[in-house]
Amino acid sequence: MFVTRFAPSPTGRLHKGHAFSALTAWRAAKAAGGRFILRIEDIDPTRCRPEFEAGIYEDLAWLGLDWETPVRRQSDHLADYAAVVESLDHRGLLYRCFRTRKEILDAIGAAPHGPAEAARPGPHPADEEARLLAEGRPFAWRLSLDRAKEALGVAAWDALSFIEEGSGPNGETGRIKARPETAGDVVLARKDAGTAYHLAVTHDDALQGVSHVIRGQDLFEATHVQRLFQALMDWPAPVYRHHRLLAGPDGRRYAKRDQSVTLAELRAGGLLPDRLGAELA
Ligand code: GLU
């Protein structure tokens, strides 16, 4: 069964780039006689807002899309993600990171072997960790690439790959070797949220039986570590179709900062959904 999804984060109103992504996934589902899922990725409590979620439903309905209900909203399922963190911790694959963002960035600037290595700060010495824990300082959980490699076995690690039916930003397509090491020891649970993007997105793709992940090329690099995570959790690997990023009239890709091109504004300005649908075909 072909199952795909559109998984926006309600951190602003949707723009044309989102419309393109949502339409691409929805049309692929219709063409394949498959299912289209809408998922609200609202694990960031500081940036997500209910009115933006309401805006997503409004804008997608205006575009003419339909989706299955109930819609999964990630903030309603934090216990699911916490259970994954706990199981990974039991397997010894995680470590606590008390460092601030600034400390990590400073370390990256100072690293002799470039960013990838510095994004692997490694566990704190045991006595320091015990002290920070006792002080009640907040920490993030990071996935240890070293321990992940050990757990998976070198042969499985080396064979790790995914299928790209679209293309990466440099034209990558077909079977792609996964290079999770480029992401470093990614954060799987943020200090404030108890989970993080890579964990929640792969968990939900597996839970919801997503067979095809259709999304923008800006997330192509994220696929490498997400593939590792799927292997560690014994979750199936979906097929990926990364699509090009839509450029605005100035040639730059659409982003949340371009509030002038939100779908809400375009609608208010009289744009008809069919016209936009045709433009994005
Ligand atoms: N929630 C992510 C975003 O808004 C997209 C997740 C995905 O498609 O994998 O950028």
Revision key, fill the gap. Residue count, the stretch 155-178, condition in contact with a Leu (Cβ under 9 Å, 6 or more places away or on another chain) and surrounded by 15 or more Cβ atoms within 10 Å (Cβ to Cβ), comes to 3
Review point. Restricting attention to the stretch 198-219, and to residues there that are farther than 21 Å from LEU88 by Cα and surrounded by 20 or more Cβ atoms within 10 Å (Cβ to Cβ), which single residue is farthest from the ligand (Cβ to nearest atom)?
Key: HIS212
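Being within 14 Å of the ligand (Cβ to nearest atom) and over 13 Å from VAL3 (Cα atoms) is the requirement here; does PHE36 meet it?
Details: within 14 Å of the ligand (Cβ to nearest atom): yes; over 13 Å from VAL3 (Cα atoms): no.
Criteria not met by PHE36.
Name the residue, out of PRO8, PRO45, PRO50, that is within 10 Å of the ligand (Cβ to nearest atom) and of a type outside the set (Phe, Trp, Tyr). Break it down stepwise before answering.
Numbers: PRO45 fails: within 10 Å of the ligand (Cβ to nearest atom); PRO50 fails: within 10 Å of the ligand (Cβ to nearest atom).
Among PRO8, PRO45, PRO50, only PRO8 is within 10 Å of the ligand (Cβ to nearest atom) and of a type outside the set (Phe, Trp, Tyr).
With the condition kept exactly as written, say whether any residue in the stretch 12-30 is assigned to a loop (DSSP other than H, G, I, E, B), open to solvent by less than 50 Å² (accessible area, probe 1.4 Å) and away from the ligand (no atom under 13 Å from the Cβ).
For the stretch 12-30, residues assigned to a loop (DSSP other than H, G, I, E, B), open to solvent by less than 50 Å² (accessible area, probe 1.4 Å) and away from the ligand (no atom under 13 Å from the Cβ): absent.
Does THR262 satisfy the condition of being open to solvent by less than 50 Å² (accessible area, probe 1.4 Å), over 12 Å from GLY17 (Cβ atoms) and touching a residue at least 40 places away in the same chain (Cβ under 8 Å)?
On the way: open to solvent by less than 50 Å² (accessible area, probe 1.4 Å): yes; over 12 Å from GLY17 (Cβ atoms): no; touching a residue at least 40 places away in the same chain (Cβ under 8 Å): yes.
So THR262 does not fit the description; no.
The values are calculated or read from the model by the stated rules, or taken from the named source; none is laboratory data. All values derive from a computational prediction rather than experimental measurement. Please note: Cβ atoms are built from the backbone with ideal geometry, for glycine as well, and neighbour counts cover all protein chains shown. Note: areas computed on protein heavy atoms with side chains; ligands, DNA, RNA excluded. Shrake-Rupley method; radii C 1.70, N 1.55, O 1.52, S 1.80 Å.
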